[in-house]
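Report on the structure given below.
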Amino acid sequence: MERHEVIIGNGGHRYRCIHDWGRDSLPAGYHYGNASHGVAIDAQGFVYVTHTGQPDSVFVFDDDGRFVRTMASIHVNPGGLGEDARNPQGVACGHGIDIRKEGNEEFIYLSPTHAQMGFTKLSMAGELVWKKNRDTVFTDANSAKALGIDLRPTNTSFRPDGGYYLGDGYGTGFLFQYDAADRFVRTIGGVGSESGKFRTPHGHWLDDRDGLPKLVVADRANERLQWFDMDGNHLSILGGFLFPAAIDQREENLLIADLHARVTILGRNNEVVVHLGDDANWRERVLADNFAMRKTPQLCPPGHFIHPHDACFDRHGNIFVTEWVVGGRVTKLERLDP
């Protein structure tokens, strides 16, 4: 496949844009299916991409884009899970992926797209540590009123005390907080448009740029970010987004994957440093006809995006972007010296 490389960004945030990174190294028959959903990077620099293709639900690459292995077959639909045209039998249900070091080990937290699959914690070798399904989470939260609602978590974020948040972006609209011993603490949010409520809390992150840890949530359908303190109290809102889907951080910058065709970097004071790939005319085409462009990602001009679904920095300041497009697409934004 032809690889396009263009330069995007400005000032201290200029990047060589490498679309379809890693695709040429996939073995025959390996594919992203209906989407490449999530991306995370471990301490050694290996890149993990979740998807809805085959085989398994995660592809692993080295930092040069060479395929290493697949993992997480636990999130492949084996059948018998009910009718779901988006995830037919034998197809992966990979969505959110986050990696955290705990003691001397790293662990993977996975949030699948299928409502009847469990939110899971895996070792880096792919061994199951635990799984939380709908009934487990709702029982923990004593949310009897929610028992008729699907649990469809989208992402996880981590607290400095060893706890974590499970964001039920496609289900109840709550973030479920757990402590370091996996004990339920509280829910945050719920569905709504007022302050502290969410309409698709899709991604979230621990924002500690000013030394005071805060939870920041990509409140996607409300087109905003929201911040909370470590006790779950609402702090602030920042608008100006299109459809923010995921958040990452490096030094003083927040990275926002915006599903409506751009990637944004915020500065220390949450000012916009740069919109990467931002093009109003192109975005109009992307959003037309019920997102029809996602079915033909090959038509995307170099240096542009269709539907950035997740994005993260690596240890060198490069950015990896995964997109919600048919056939999947991973873009490496290789950071250039100012």
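The values are calculated or read from the model by the stated rules, or taken from the named source; none is laboratory data. In this text, all values refer to a predicted model and were calculated from it rather than measured experimentally. For neighbour counting, all protein chains shown are included, and Cβ atoms are generated from backbone atoms with ideal geometry for every residue, glycine included. Quick note on the areas: whole protein, heavy atoms, side chains included, nothing else; ligands and nucleic acids left out. Shrake-Rupley method; radii C 1.70, N 1.55, O 1.52, S 1.80 Å.
At-a-glance table
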| read-out | value |
| --- | --- |
| Candidate lysines - alpha carbon under 22 Å from LYS214, same-chain residues fewer than 8 apart omitted | LYS101, LYS197 |
| Relative packing of peptides 322-330, 43-51 - highest average C-beta neighbours within 10 Å first | 322-330, 43-51 |
| Residues SER195 and ARG66, FRET efficiency given R0 of 56 Å [Cβ-Cβ distance, rounded to 0.05] | 0.75 |
| Euclidean distance between Cα centres, the stretch 217-274 to the stretch 101-162, Å | 23 Å |
| Whole-percent carbon and sulfur share, accessible surface of the stretch 166-274, 1.4 Å | 44 percent |
| Nearby aspartates and glutamates by direct alpha-carbon distance to LYS132 (threshold 17 angstrom, same-chain neighbours under 8 apart not counted) | ASP98, ASP140, ASP150, ASP168, ASP179, ASP182 |
| Approximate spin-label separation ASN281-ALA221, in nm, with each point projected 7 Å along Cα-to-Cβ | 3.3 nm |
| Extension gain from LYS101 to ARG315, taking 0.36 nm per residue of separation minus the Cα-Cα distance | 75.6 nm |
| Relative contact order of the chain, defined on C-alpha pairs under 8 angstrom at six or more residues apart (%) | 16 percent |
| Amide H contacts of PHE174 (H built 1.01 Å from N, under 5 Å, at least 5 apart or other chain) | ASP168, GLY190 |
| Nearest-0.05 FRET efficiency for ARG268 and ILE7, computed from C-beta distance (R0 30 Å) | 0.75 |
| Label-point separation in nm, ASP337 to MET230, each point 7 Å along Cα→Cβ | 3.9 nm |
| Relative contact order [Cα under 8 Å, 6+ residues apart], the stretch 90-232, whole percent | 14 percent |
| Reach of LYS295 by Cα under 14 Å, taken over aspartates and glutamates that are not fewer than 8 positions away in the same chain | GLU323 |
| The stretch 199-278 shape via C-alpha gyration tensor axes, a/c threshold 1.5 | oblate |
| Accessible area per residue, Å², the chain with all protein chains present, probe 1.4 Å | 41 Å² |
